[in-house]
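Visitor: The structure follows.
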Amino acid sequence: MKFLSFFSKKKVLITGHTGFKGGWLSLWLVKLGAEVIGYSLEPPTKPNFFEALELDKKITHIIGDIRDAKKLLSVFKEHQPEIVFHLAAQPLVRLSYKEPELTYETNVMGTLNVLEAVRKTGSARVVIVITSDKCYENKEWFYGYREIDALGGYDPYSSSKACVEILVSSYRRSFGLPLATCRAGNVVGGGDWQLDRLIPDCVKALSRGEPIKIRNPHAIRPWQHVLEPLYGYLLLAVKMWEEPDKYAEAWNFGPFERDMATVQEVVEKVIKFWGSGNYEVEKDTSFHEAGLLRLDISKAMMKLGWRPKWDLDTALERTVKWYKFFYKGKTNMFEYSLQEIRDYEEEWEQ
């Protein structure tokens, strides 16, 4: 695993480091010896992964809004990052219906501010912008979307991510910046308590002894453990550092076809691994939600050498164990989460 040594002493700036994926990425980069600078709003929930691991003691932790272009630029100029992972976003479909202006301001104009900071600072050799698998014009067909397929998005959140893809492509071609985008599927893993996400909803209900309430039980999603796409992002960063012109483009990261599953199947597996519980189906017609979404990951497999390592059962079992240890309150969650990363790295060394 070449990146085990590559990131040592590299200056890496992460926007959205207090979020679920940003927290796991920060932890992994700390393990790899990087000098991590985080720029984000306060953690979005209580509890949260970032505070559970006390990551503020391990990195340069900066509270800031990506909509604040002046402050963001000052952080870039002060720290001169060599690698940038842009994860900060308004990430919720349902909230995008309630607050579309906030969604576009954060996701589109916030990304514009990041790109301008990159352009005006000139220190970054690698910039990876995380969008979403929902950026595609979803026709709910049975084959996976490829990176060359049409962008779109039914709801404000999804369309904002399509806008980000177009924005990044424009800046890459107009200014010659080393920019890539990553489109990941539905991620699971310990430490996510965000609203309107399936696993957090399951864990909250199960920890209280309440039934899990689910929408769209037959909706099919590309589920994967959070470490799967994060490994892809890290691997892509290494490749871009070496050959930016070859790898600065769009990339899908998702599970194998056999690990696609319905919402109901995932909930039943979570209950099995938890050891008890039940669920109720609630029909919510207040907003549109896609019934089928698949990703084609062949490009990342062939050109990056990346591939999924943990199947759905492994991902969900590890996720449930993380939460159970957390709620017992007797486990050092920083060390426990580091061990999760070590276990995953060992999979790649086999």
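The values are calculated or read from the model by the stated rules, or taken from the named source; none is laboratory data. Note that the coordinates shown come from a computational prediction; the quantities given were computed from them, not determined experimentally. As a convention, Cβ positions derive from the backbone with ideal geometry for all residues, glycine included, and neighbour counts pool all protein chains shown.
Visitor: Somewhere in the stretch 22-31, is a residue under 28 Å from residue 224 (Cβ atoms), in contact with a Pro (Cβ under 7 Å, 6 or more places away or on another chain), of a type in the set (Phe, Trp, Tyr) and surrounded by 16 or more Cβ atoms within 10 Å (Cβ to Cβ)?
Guide: no
Visitor: Quick check on my filter: what residues within the stretch 93-128 are outside any helix (DSSP H, G or I) and either closer than 18 Å to residue 153 by Cα or touching a Pro at 6+ places or on another chain (Cβ under 7 Å) (or both)?
Guide: We begin by selecting, within the stretch 93-128, every residue outside any helix (DSSP H, G or I); these are 99, 122-128.
Passing the criteria: 99, 123, 124, 125, 126, 127.
Visitor: For the stretch 133-147, state whether one or more residues are touching a strand residue (DSSP E or B) at 6+ places or on another chain (Cβ under 7 Å) and of a type in the set (S, T, N, Q).
Guide: Residues of the stretch 133-147 that are touching a strand residue (DSSP E or B) at 6+ places or on another chain (Cβ under 7 Å), as a first pass: 133, 135-137, 140, 144-145, 147.
Within this subset, residues satisfying the condition of being of a type in the set (S, T, N, Q) are none.
For the stretch 133-147, residues touching a strand residue (DSSP E or B) at 6+ places or on another chain (Cβ under 7 Å) and of a type in the set (S, T, N, Q): absent.
Visitor: To continue, here is another question. Collect the residues in the stretch 1-20 that are under 17 Å from the mean Cα position of the chain (by Cα) and either assigned to a loop (DSSP other than H, G, I, E, B) or surrounded by fewer than 24 Cβ atoms within 10 Å (Cβ to Cβ) (or both), keeping them in residue-number order.
Guide: Our first condition is that a residue be under 17 Å from the mean Cα position of the chain (by Cα); within the stretch 1-20, this holds for 12-20.
The answer is 16, 17, 18, 19.
Visitor: Limited to the stretch 232-255, what total is found for residues that are hydrophobic (A, V, I, L, M, F, W, C) and modelled with pLDDT under 95?
Guide: Within the stretch 232-255, the subset hydrophobic (A, V, I, L, M, F, W, C) is 234-238, 240-241, 248, 250-251, 253.
Okay, now just the ones that are also modelled with pLDDT under 95, so none.
Going through the stretch 232-255 one residue at a time, the tally reaches 0.
Visitor: Working carefully through the options 161, 134, 120, find the one that is among the charged types (D, E, K, R), at pLDDT below 95 and touching a helix residue (DSSP H, G or I) at 6+ places or on another chain (Cβ under 8 Å). Before the answer, list the steps.
Guide: Details: 161 fails: at pLDDT below 95; 120 fails: at pLDDT below 95.
After applying the criteria, what remains is 134.
Visitor: Quick check on this structure: which one of 111, 106 is on the phi < 0 side of the Ramachandran plot, touching a Lys or Arg at 6+ places or on another chain (Cβ under 7 Å) and among the hydroxyl-bearing types (Ser, Thr, Tyr)? Quick ask: steps written out before the conclusion?
Guide: Details: 111 fails: touching a Lys or Arg at 6+ places or on another chain (Cβ under 7 Å).
106 is the lone residue from the list that is on the phi < 0 side of the Ramachandran plot, touching a Lys or Arg at 6+ places or on another chain (Cβ under 7 Å) and among the hydroxyl-bearing types (Ser, Thr, Tyr).
Visitor: Considering each residue of the stretch 298-325, count those that are in contact with a Leu (Cβ under 8 Å, 6 or more places away or on another chain) and surrounded by fewer than 16 Cβ atoms within 10 Å (Cβ to Cβ), and give that number.
Guide: Residues flagged as in contact with a Leu (Cβ under 8 Å, 6 or more places away or on another chain) and surrounded by fewer than 16 Cβ atoms within 10 Å (Cβ to Cβ) within the stretch 298-325 amount to 1.
Visitor: Taking the residues in the stretch 36-81 that are within 23 Å of residue 184 (Cβ to Cβ) and not hydrophobic (A, V, I, L, M, F, W, C) as candidates, determine which candidate is surrounded by the most Cβ atoms within 10 Å (Cβ to Cβ).
Guide: 39
Visitor: Please return the ranges of strands (runs of 3 or more DSSP E) entirely within the stretch 193-266 where 3 or more residues are hydrophobic (A, V, I, L, M, F, W, C) and within 23 Å of residue 182 (Cα to Cα).
Guide: Values: elements: 212-214, 223-225, 250-253.
The strands (runs of 3 or more DSSP E) meeting that bar are 250-253.
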